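Asks: Dropping the structure in here first, questions after.
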Amino acid sequence: MKVFCGLILIFTLLSCSTPEKIRDRADFTENWKFYLGDDALASQSQYDDSQWRVLNLPHDWSIESDFSLSNPATPGGGALPGGIGWYRKEFTLNKSSQGKTVYIDFDGIYWNSTVWVNGHLLGERPNGYISFRYDLTPYLKFGEKNTIAVRVDNSQQPNSRWYSGSGIYRNVWLVTVDPVHVDYNGTYVTTPVASKDSAEIKIVTNIRNVTDTSQAIELYSILVDADGREVIQVKAPANIAASQVGITEQVLKLQQPHLWSVDDPYMYKVITRISQDSKIIDTYETPIGIRFFSFDKDKGFFLNGESVKIKGVCNHHDLGCLGSAVNTRAIERQLEILKAMGCNGIRTSHNPPAPELLDLCDKMGFIVMDEAFDMWRKKKSPHDYSQYFPEWHERDLTDLILRDRNHPSIFMWSIGNEILEQWSHIDADTLDLQQANMVLNFANTLDKKTIPSKDLHVNSLLALKLADIVKELDPTRPVTSGNNETEPSNHIFRSEAMEIIGFNYHENNWVNFHEKFPDQKLIITESTSALMSRGYYIMPSDSMNIWPERWDKPFDRPVHQCSSYDNSHVPWGTTHEDTWRMVKKYDHISGVYIWTGFDYLGEPTPFWWPSRSSYFGIIDLAGFPKDVYYMYQSEWTDKDVLHLFPHWNWQEGQLVDVWAYYNNADEVELYLNGQSLGKRTKKDDEFHVCWRVPFNKGTLKVVSRKNGKEVLSREIKTAGKPVSIRLTADRNRIAADGKDLSFITAEVVDAKGTVVPTADNLMKFSLEGNGVIVGTDNGDPTDSLSLKKPERRLFSGKAVAVVQSTKKGGKIVLKASSDNLESSFIEISSERK
Ligand code: GAL
């Protein structure tokens, strides 16, 4: 049913009264029972789970173990165990809720989940990254005990090219609403007209009526600004037929909108109210941002009419020592570190992200490429999603777009990363019958649509089909994909369904892109794959380490660490500097998503065990920036930057390459123990300067100057023996909500208080007060100790301990001790709101 309402625009200056709590969206993450193992009877209500472990979600059971080569995920999947796990939760709903409709919303379970309530099977969902809802209402007992049971099967391994985590690793919500309510992901807000002067806000609302009679309602859509003030509202009557979803369209007109941008991510929200007989029966909020954008084939990306280069990073979803268990503060910290580097874009490689990530990207101003799949029908690892793709791809892709399409931060949909079906040398005959049928069935539905050419390969048709699903649900954003066959013969390109051509790597084809793709727009969906270990340097710094030498040849070396001089990359990649040089220079390159912002668990290319996490990050797994972070900061921000490296603890007489990244200056001068070692100036397309210096202990100092005036200076001193521990918290005050985190860095200092950059002392952490140590890390990809252990060896002089609040406020004291060192403690205050 489609109800188009006449527009009644009511301009009001009255502030919006607080809506009653009509819709209850309760955090449903506390007090679950967990069992690692399988027991078919656990789906039943009467099952005795008294011996099971009690925990709060989000929960990732894989991260709780030590790393081991014997885990079937292999180091590629993070060398942590999978298996089968069960979760159960008892809950009681008030008798007064009888007559309401009650849903359970899962933001994501990895993977193959099956859910029961009171012994009734609700459904199964193989995809580990998708959000989904079940209706509990028919099976609930009000005023009595109810039980939810969830079985999670991550036993078939390997099923991922990176670390997935296992379990109910994202949030869960219990949603109680009136039988007439805004449907799941039931609003779609777009701005068909948007400019600095005015905006037209189109609000499509899906209203579900689960009663068996038609319901007359009034639908209010109220635009509220970032300060919570009502700006404008529209009201329309609607009649929702029995057991139907009614679709209502309303338009708001706004003068001088406050536009959303990466530097000023201004958010409005649309409050939806359903009223019946003068009583509000549902309220629903849709945060929105008003912006307009375009991609130009010659000039790149424009946001609100201004040229913006996309300076993005790809990231996987794990949060280092927290595993993949979602934590809003941990995601926010990652984004803060990236934002401070000048990064303005995130690619959710290669799967639907946590909703919290998108909320934060909206609020913090990132240009997001939201990605659906890493494979279609052709598998990349033995037990991956390809087995579910034929049955589930339509549903999964649809649910992704419906969930995410209101986020102003999303500017592109990616229908896949390096999909094997792209390759033009793979013949159609190698497709299995099921795939061919699936695609051909779709082709038969294309009668009304324009098929670009009659002889399209089935793989091109599949690309067309996926793009079509996206465009039906959201015509406002372009569809792209990440491709490593960068020739026009690529089956995905031949579909002509890609509105922006996405290249992964292959920088030789970037500059002359228009020779082969004359009318196309270009985004570098992925590039670089440089290899670095924080604080580890291979000299001379102008020698290049291409590891592995070939992607298909085994590779190893005794020390599993890579050089932080931006002189190491995989054979299909480049250095950070080379990538940025091209992206910066050519306007037709809309931007780039560097592989990767943060190191992630799994894919320890170029090594294998005992390595178990990646070397690709600009920032290590613990959240410590590697040196190249400052190259980006000097290029991607306006703030004054001067970064000097490496450390100054070497063998006497050893030749050391000293690099500096800087900006906003004409020259830099290096001094060793007060003696000038010369001035350096970056030439046109250089991003660092270098001095080759025989090591002599003491103080290395660099000064940057503009017009002869000092801009910044930096000093590095040779450190002596470790004497004591120094602890520093990223935040000394956290919320006593059982979720908030403080990331505490441990370093050791010598007798003079100089940090020892090469220290590897073992730190033992203990905590007093109302907090918990939820993880420790040091950024070393070869450390096989469980990241949940409260002890950690320093790596290149650093480790982090992550402290989480409990719901009881008060003082938290974290203590660190280590053999032969003075111990240290730090105090955090956990505050109740
Ligand atoms: C790309 C791929 C990424 C990652 C990267 C490592 O080809 O898309 O997922 O594997 O290589 O260099």
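The values are calculated or read from the model by the stated rules, or taken from the named source; none is laboratory data. All values derive from a computational prediction rather than experimental measurement. All Cβ positions, glycine included, derive from the backbone under ideal geometry; neighbour counts span all protein chains shown.
Asks: Within segment 292-308, which residues are among the acidic types (Asp, Glu) and surrounded by 13 or more Cβ atoms within 10 Å (Cβ to Cβ)?
Replies: If the condition is that a residue be among the acidic types (Asp, Glu) and surrounded by 13 or more Cβ atoms within 10 Å (Cβ to Cβ), then Asp296 is the only one that fits.
Asks: Can you tell me which of (1) without any contact (Cβ under 8 Å) to a residue 60 or more places away in the chain; (2) within 16 Å of the ligand (Cβ to nearest atom); (3) on the phi > 0 side of the Ramachandran plot is the one Glu496 doesn't meet?
Replies: Status for Glu496: all satisfied but (2).
Asks: For segment 301-314, which residues satisfy the criterion of being touching a Leu at 6+ places or on another chain (Cβ under 8 Å) and away from the ligand (no atom under 16 Å from the Cβ)?
Replies: The answer is Asn304, and nothing else.
Asks: Something else about it: List the number of the failed condition for Arg395; all other conditions in (1) crowded, with 21+ Cβ neighbours inside 10 Å; (2) in a helix (DSSP H, G or I) hold.
Replies: (1)
Asks: If you scan segment 364-398, which residues turn out to be within 16 Å of the ligand (Cβ to nearest atom), under 18 Å from the mean Cα position of the chain (by Cα) and more than 18 Å from Lys471 (Cβ to Cβ)?
Replies: Scanning segment 364-398 gives a single hit, Asp374.
Asks: Test Glu371 against the stated conditions and say whether it is without any contact (Cβ under 8 Å) to a residue 12 or more places away in the chain and within 26 Å of Leu462 (Cα to Cα).
Replies: Taking the combined requirement at face value, the residue does not satisfy it.
Asks: Please indicate, with yes or no, whether at least one residue in segment 136-148 is more than 16 Å from the ligand (Cβ to nearest atom) and within 28 Å of the chain's Cα centre (by Cα). Even if it seems obvious, please write down each step before you answer.
Replies: Taking segment 136-148 as the starting set, the residues that turn out to be more than 16 Å from the ligand (Cβ to nearest atom) are 136-148.
Narrowing further to those that are within 28 Å of the chain's Cα centre (by Cα): none.
The answer is no, given that none of the residues of segment 136-148 is more than 16 Å from the ligand (Cβ to nearest atom) and within 28 Å of the chain's Cα centre (by Cα).
Asks: Another one. Could you list, in sequence order, the residues of segment 692-710 that are crowded, with 19+ Cβ neighbours inside 10 Å and hydrophobic (A, V, I, L, M, F, W, C)?
Replies: Residues satisfying the conditions are Leu700, Val702, Val703.
Asks: Name the residues in segment 570-622 that are on the phi > 0 side of the Ramachandran plot and away from the ligand (no atom under 14 Å from the Cβ), would you?
Replies: Gly591
Asks: OK, next. Any idea which residue in segment 399-448 is farthest from the ligand (Cβ to nearest atom), counting only those that are among the aromatic types (Phe, Trp, Tyr) and modelled with pLDDT under 95?
Replies: Looking at residues that are among the aromatic types (Phe, Trp, Tyr) and modelled with pLDDT under 95, I get Phe442.
Asks: Here's another thing I want to ask about it. Of the residues Asp783, Asp760, Asp819, which is among the acidic types (Asp, Glu), farther than 26 Å from Asp599 by Cβ and not assigned by TED's automatic domain parsing to the domain that holds Gly78?
Replies: It is Asp819.
Asks: Right, something else. Which of the residues spanning segment 315-360 are within 16 Å of the ligand (Cβ to nearest atom) and charged (D, E, K, R)?
Replies: Asp318, Arg347
Asks: Report those strands (runs of 3 or more DSSP E) wholly inside segment 146-238 carrying at least 1 residues which are over 25 Å from Arg88 (Cβ atoms) and of a type in the set (Phe, Trp, Tyr).
Replies: On the way: elements: 172-177, 180-194, 198-209, 215-224.
In segment 146-238, the matching strands (runs of 3 or more DSSP E) lie at 180-194, 215-224.
Asks: To continue, here is another question. Give the residues of segment 551-569 that are over 30 Å from Ile310 (Cα atoms), within 16 Å of the ligand (Cβ to nearest atom) and either among the acidic types (Asp, Glu) or touching a residue at least 12 places away in the same chain (Cβ under 8 Å) (or both), sorted by residue number.
Replies: Asp552, Phe555 - these are the residues of segment 551-569 that are over 30 Å from Ile310 (Cα atoms), within 16 Å of the ligand (Cβ to nearest atom) and either among the acidic types (Asp, Glu) or touching a residue at least 12 places away in the same chain (Cβ under 8 Å) (or both).
Asks: Among the residues of segment 480-493, write down those that are more than 16 Å from the ligand (Cβ to nearest atom) and surrounded by fewer than 22 Cβ atoms within 10 Å (Cβ to Cβ). Reasoning before the result, please.
Replies: Going through segment 480-493, the residues more than 16 Å from the ligand (Cβ to nearest atom) turn out to be 487-489, 491, 493.
Those that are more than 16 Å from the ligand (Cβ to nearest atom) and surrounded by fewer than 22 Cβ atoms within 10 Å (Cβ to Cβ): Glu487, Pro488, Ser489.
Yes/no per residue for (1) farther than 28 Å from Asp777 by Cα; (2) under 32 Å from the mean Cα position of the chain (by Cα); (3) modelled with pLDDT of 95 or more; (4) not hydrophobic (A, V, I, L, M, F, W, C):
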residue	(1), (2), (3), (4)
Arg23	yes, yes, yes, yes
Leu36	no, yes, yes, no
Asn56	no, yes, yes, yes
Asp66	no, yes, no, yes
Ser70	no, yes, yes, yes
Gly78	no, yes, yes, yes
Pro81	no, yes, yes, yes
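Asks: While we're here: Looking at Ser590, is it polar (S, T, N, Q), crowded, with 20+ Cβ neighbours inside 10 Å, part of a strand (DSSP E or B) and not assigned by TED's automatic domain parsing to the domain that holds Thr745?
Replies: Answer is yes for this residue.
Asks: Something else: Please verify whether Met539 is touching a residue at least 40 places away in the same chain (Cβ under 8 Å), hydrophobic (A, V, I, L, M, F, W, C), away from the ligand (no atom under 16 Å from the Cβ) and surrounded by fewer than 19 Cβ atoms within 10 Å (Cβ to Cβ), treating the condition exactly as stated.
Replies: Taking the combined requirement at face value, the residue satisfies it.
Asks: Which of the residues belonging to segment 500-531 are away from the ligand (no atom under 11 Å from the Cβ), assigned to a loop (DSSP other than H, G, I, E, B) and closer than 23 Å to Thr605 by Cβ?
Replies: Trp510
Asks: Quick check on Trp659: is it free of Cβ contacts under 8 Å to residues at least 60 places away in the same chain, closer than 20 Å to Gly797 by Cβ and crowded, with 16+ Cβ neighbours inside 10 Å? Reasoning before the result, please.
Replies: Values: free of Cβ contacts under 8 Å to residues at least 60 places away in the same chain: no; closer than 20 Å to Gly797 by Cβ: yes; crowded, with 16+ Cβ neighbours inside 10 Å: yes.
Considered against the rule, which asks whether it is free of Cβ contacts under 8 Å to residues at least 60 places away in the same chain, closer than 20 Å to Gly797 by Cβ and crowded, with 16+ Cβ neighbours inside 10 Å, Trp659 comes out as no.
Asks: Would you confirm, using the coordinates I've provided, whether Phe645 is more than 14 Å from the ligand (Cβ to nearest atom) and farther than 30 Å from Gly77 by Cβ?
Replies: In short, yes.
Asks: Same structure, new question: Under 22 Å from Ala340 (Cα atoms) and surrounded by fewer than 15 Cβ atoms within 10 Å (Cβ to Cβ), is that true of Asp684?
Replies: Details: under 22 Å from Ala340 (Cα atoms): no; surrounded by fewer than 15 Cβ atoms within 10 Å (Cβ to Cβ): yes.
So Asp684 fails the test.
Asks: Here is a follow-up. Quick check on Lys811: is it assigned to a strand (DSSP E or B), surrounded by fewer than 21 Cβ atoms within 10 Å (Cβ to Cβ) and among the basic types (Lys, Arg)?
Replies: yes
Asks: Right, another one. Which of the following residues is of a type in the set (Lys, Arg), more than 16 Å from the ligand (Cβ to nearest atom) and under 25 Å from the mean Cα position of the chain (by Cα): Lys471, Lys465?
Replies: So the residue among Lys471, Lys465 that is of a type in the set (Lys, Arg), more than 16 Å from the ligand (Cβ to nearest atom) and under 25 Å from the mean Cα position of the chain (by Cα) is Lys471.
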